[in-house]
Amino acid sequence: MANNKPTKGNTQKPAKTKAQNKLQSNLINSALMIIVVITAAFAYLAIVQRPAINNSNIQAQAQSLVDSQVSIIDQTLSQLRLRLETIAHSAELLAALEHKNDPQMDQSTTLLQFRQELTRAFPEAISSQLISLGPLGIASLNKDSRELRNHIELDLLRRVSNGEHVDPEAYQFQGKWLFSLVEPIEAANKNYANGALLISFDEQYLRTMLSKLDGSLGQTKLIQQFNNKENLITSTGDFTGPADRGVDADTSIHHWQIRFTPSAELIAKSNAKAIDLWLLLALSISVVLIATFLCLKHLRTALNNNLTLLHKRHAASPPFDLPGFEDTAAQLQHKLAAAEAKTTASEQAPTSAEHNINTTEAVPGVPEEQLIPLPPVLPDSIFRAYDIRGLADSELSDEVVYAIGLAIGSEALDQGQQEIIVSADGRNSSPRIHDALVNGLLASGRDIIDIGSQPTPLMYFATHQLSTQSGVMITGSHNPAEYNGIKIVIAGRALSGPAIQALKDRINSNTLSSGQGEYRTQDIEQTYIDYIINDVAIAQPLKIVIDAGNGITGAIAPQLFEELGCEIIPLYCEVDGNFPNHHPDPTIEANLADLKAAVLEHQADLGIAFDGDGDRLGVVTATGQSVAADRLLMLFAQDVVSRNPGADVVFDVKCTRNLNNLISNYGGRPIMWKSGHSYMKDKIAETGALLGGEYSGHIFFKERWFGFDDGMYAGARLVEILSTTDPDLDLQLQAFPDSISTPELKVISTETQKFSIIEQLISNADFGEGKISTLDGLRADFPDGWGLVRASNTTPMLILRFEADTEEAMQRIQQQFKQQLQSIDNTLQFNF
């Protein structure tokens, strides 16, 4: 047998092998190529991309600052208008103007008092006038005593006396800019104004408003445009910035515009220097060179060691640790063994099996890539019409929720979504489900922004505010404490129906992505509160009892309404997942008993209750009467449509039919749609509706908000309406048409049977003259009322509701529905 050991006197350094030379050449060439690519990329970033980013940052900052100035102007003018309307809508003032010429009713003292009140209400105004008008409009004015500055103020009075909406208007007087607001004093039964309130302010008032922004950031101009002609009313701030960097934004006054030009100082701060990129380039190249040197050194040593090991022919399985060369090592091992066998055969006759080398040993292969394990069998019942929901401990196990997280993350990937907002309500099972879901989402490769324990609306809000478009909320909503669930938004759309079922199909077919996402947390609560405070204008504080039902809104709702300026009496606002006081469902009358008692005890103006996750609300008036959500929607529709003629308003099949005529009479377009928050959001997005509502208490504002259901924002809009008109909600609701109606009536069925019953009813029902709608379940409309039956999407029940003009009609319609349903399933038990 040949001796492969070097001789004792051989001290010459061994020459590099071909393998070593090739490794070194390839490694150096690869390193040089990486350096060239990195250098080119950094040069592009420094020379092309960085200036573009700087410009974009400056524009974004300028846009944000001009928007803040617009917000200040709009909010200030809105408050001025509200203060003016409060005085103008006084019944006592209207009566005084109507009888001012009656010698038997001397109203001069009353009018003088209102003039003095107007002066006290607007101490910042340079003038405030109460002007008497009549059927002839401005022709009714006594020209000798009207004390108007110019024809512009006269024109404002003319337009308001003709019933036009008049925006504030700026004008020059004696070389100075002034602006005036005018508000009519008019009776509802007359086609002319009895008078008007005219208040005027000087340029300094506007400049003071705009000066709230740090002047060193740039120059702010308030511009008035008429007939394509611009007039500069006032300006503030640093004038050093280039004019071509100016950003314009429209105010709520259609002929007023804000122009903001960033200062040279702001631009200098925003222009990040490229030196950091060059330093990073130098560091990157150094890292590549050092890594190449160390890798080459290690490869040389490893190759020498392993070649020596491979030549030890008596080793049954010679060790080999050079990564990437396992196949080569096995082939070399095979050739060495064959050569040894041939040499041994020529030296001596073969003996039994001494030193027999197995030359048929398989070449080692690459380990098979590990696949995502198939999830367990999933309970079908948890995949519902507009969310995932089930018993927390038995149906939403860690294993099931982890698989759901993988499916949601995979669907988000297919829709181009990387970041996902995650939040959870205050249920006892929510932390466990949260952790399992987050692990699944991260394992799908999605990045997580965790906003902590928050109401569902804050998750929706975060998807808009943080521009992720996708979010997941762990909540059992209004269900009992032992339940929990998952609401999902991907790419701005709430998943429902087939999209929910598609998640289950992904899991069952193992169509799941894998990766490793990043996790971070984000506070969003104060941002949410500040956004609403900047949007909602409260003219007078109200006393409100807030019942959170021990749900998650208890941690934020009292603070929100206090910061809006209301006096708050909290009720069950301690977050407790056991819901020890009452079930967190404000649509059930029994759950409002404590709220009604608290409103009466504290003589509050209003009571507001929220469900477990805060996307629904219930309302109680000052007299302790609960308000159905469809009647509340009437008040919201009146408010929204009055400002937006022609606006669409969406409501679900369970709502009163009185909404149709009411919305139409206000100039809007009524649209009836399926029940379910996901379906409603889809319809609002499809139609561009500015308002939507469900009988279950979900209210959706698209005007001034984002179109998702938010009980707290809806409550704030209700307080705004009451504080700026009349705090007596009972009185306001009396103006709307009403009918005899029932709450939601529930008939126990099963998860599968409920849908079969509805299908059979639609196929075979006969309601005579009733007009049938199968939009969601079956609704039959008669000349004197209507009835509805549909399968609940969240519970094993049939849901019925009825409305009629008389008790006789109510009983007739209910009896028809009972007969039709019992003919399909005679085991159904009715409580009406």
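The values are calculated or read from the model by the stated rules, or taken from the named source; none is laboratory data. Just so it is clear, the structure is predicted and the values come from calculations on it, not from any experiment. Note that each Cβ is placed from the backbone with ideal geometry, even for glycine, and that neighbours are counted across all protein chains shown.
Residue count for segment 70-98 satisfying the condition of being over 20 Å from PHE122 (Cβ atoms), under 27 Å from the mean Cα position of the chain (by Cα) and at pLDDT below 85: 1. If only residues of segment 483-517 that are surrounded by 15 or more Cβ atoms within 10 Å (Cβ to Cβ) and among the charged types (D, E, K, R) are counted, the one that is modelled with the highest pLDDT is LYS487. On the basis of being out of contact with any Asp or Glu (no Cβ under 6 Å at 6 or more places or on another chain) and not assigned by TED's automatic domain parsing to the domain that holds ASP726, does LEU136 make the cut? Answer is yes for this residue. Here THR553 fulfils each of the conditions (1) surrounded by fewer than 20 Cβ atoms within 10 Å (Cβ to Cβ); (2) under 23 Å from the mean Cα position of the chain (by Cα); (3) in contact (Cβ under 8 Å) with a residue 40 or more places away in the chain apart from (1). Answer yes or no as to whether SER56 is modelled with pLDDT of 85 or more and surrounded by fewer than 16 Cβ atoms within 10 Å (Cβ to Cβ). Taking the combined requirement at face value, the residue does not satisfy it. Helices (runs of 4 or more DSSP H) fully within segment 702-816 that include at least 1 residues being hydroxyl-bearing (Ser, Thr, Tyr) and surrounded by fewer than 18 Cβ atoms within 10 Å (Cβ to Cβ): 753-764. Counting just the residues of segment 559-616 that are on the phi > 0 side of the Ramachandran plot and touching a residue at least 60 places away in the same chain (Cβ under 8 Å), which one comes out surrounded by the fewest Cβ atoms within 10 Å (Cβ to Cβ)? Result: GLN603. Summed over segment 438-477, residues that are more than 20 Å from the chain's Cα centre (by Cα) and closer than 27 Å to ASN793 by Cα total 1. Filter segment 570-616 down to the residues that are acidic (Asp, Glu) and within 19 Å of ARG389 (Cβ to Cβ) and list them by number. ASP585, ASP611, ASP613, ASP615, listed by residue number. Does SER756 fit the bill of being out of contact with any strand residue (DSSP E or B) (no Cβ under 7 Å at 6 or more places or on another chain) and either outside the structural domain of ASN660 (by TED's automatic domain parsing) or modelled with pLDDT of 95 or more (or both)? For SER756, the condition - out of contact with any strand residue (DSSP E or B) (no Cβ under 7 Å at 6 or more places or on another chain) and either outside the structural domain of ASN660 (by TED's automatic domain parsing) or modelled with pLDDT of 95 or more (or both) - is met.
Here GLU769 passes the criteria (1) out of contact with any helix residue (DSSP H, G or I) (no Cβ under 8 Å at 6 or more places or on another chain); (2) within 29 Å of ILE382 (Cβ to Cβ) except the one numbered (2). In the condition set (1) out of contact with any Phe, Trp or Tyr (no Cβ under 9 Å at 6 or more places or on another chain); (2) surrounded by 24 or more Cβ atoms within 10 Å (Cβ to Cβ); (3) of a type in the set (Phe, Trp, Tyr), PHE651 is compliant with all but (1). Among the residues making up segment 487-506, those that are within 24 Å of GLY614 (Cβ to Cβ) and of a type in the set (Lys, Arg) are LYS487, ARG493. Taking segment 600-635 as the range and being out of contact with any helix residue (DSSP H, G or I) (no Cβ under 8 Å at 6 or more places or on another chain) and within 23 Å of PHE706 (Cβ to Cβ) as the test, only ALA629 passes. Exactly one residue out of LEU156, LEU213 is touching a residue at least 12 places away in the same chain (Cβ under 8 Å) and within 15 Å of LEU84 (Cβ to Cβ): that is LEU156. Each residue in segment 425-435 was checked for being part of a helix (DSSP H, G or I) and surrounded by fewer than 20 Cβ atoms within 10 Å (Cβ to Cβ), and 3 pass. Of all residues in segment 149-189, those being assigned to a loop (DSSP other than H, G, I, E, B), out of contact with any Asp or Glu (no Cβ under 9 Å at 6 or more places or on another chain) and surrounded by fewer than 20 Cβ atoms within 10 Å (Cβ to Cβ) number 10. Considering (1) within 20 Å of ASP523 (Cβ to Cβ); (2) at pLDDT below 95, the lone condition that SER423 does not fulfil carries the number (2).
Residue check: is ALA628 over 26 Å from the mean Cα position of the chain (by Cα), at pLDDT 95 or above and surrounded by fewer than 23 Cβ atoms within 10 Å (Cβ to Cβ)? When the stated conditions are applied, ALA628 does not pass them. GLN522 falls short on exactly one of the conditions (1) modelled with pLDDT under 95; (2) touching a Gly at 6+ places or on another chain (Cβ under 9 Å); (3) surrounded by fewer than 19 Cβ atoms within 10 Å (Cβ to Cβ), and that condition is (1).
Within the set ALA385, ALA407, the sole residue that is assigned to a helix (DSSP H, G or I) and not hydroxyl-bearing (Ser, Thr, Tyr) turns out to be ALA407. The set of residues in segment 508-521 that are in contact with a helix residue (DSSP H, G or I) (Cβ under 7 Å, 6 or more places away or on another chain) and more than 15 Å from LEU413 (Cβ to Cβ) contains only TYR519.
Could you check, for segment 43-60, whether at least one of its residues is in contact with a helix residue (DSSP H, G or I) (Cβ under 6 Å, 6 or more places away or on another chain), in contact (Cβ under 8 Å) with a residue 12 or more places away in the chain and within 22 Å of LEU148 (Cα to Cα)? Checked against the condition, which is being in contact with a helix residue (DSSP H, G or I) (Cβ under 6 Å, 6 or more places away or on another chain), in contact (Cβ under 8 Å) with a residue 12 or more places away in the chain and within 22 Å of LEU148 (Cα to Cα), segment 43-60 yields no hits at all.
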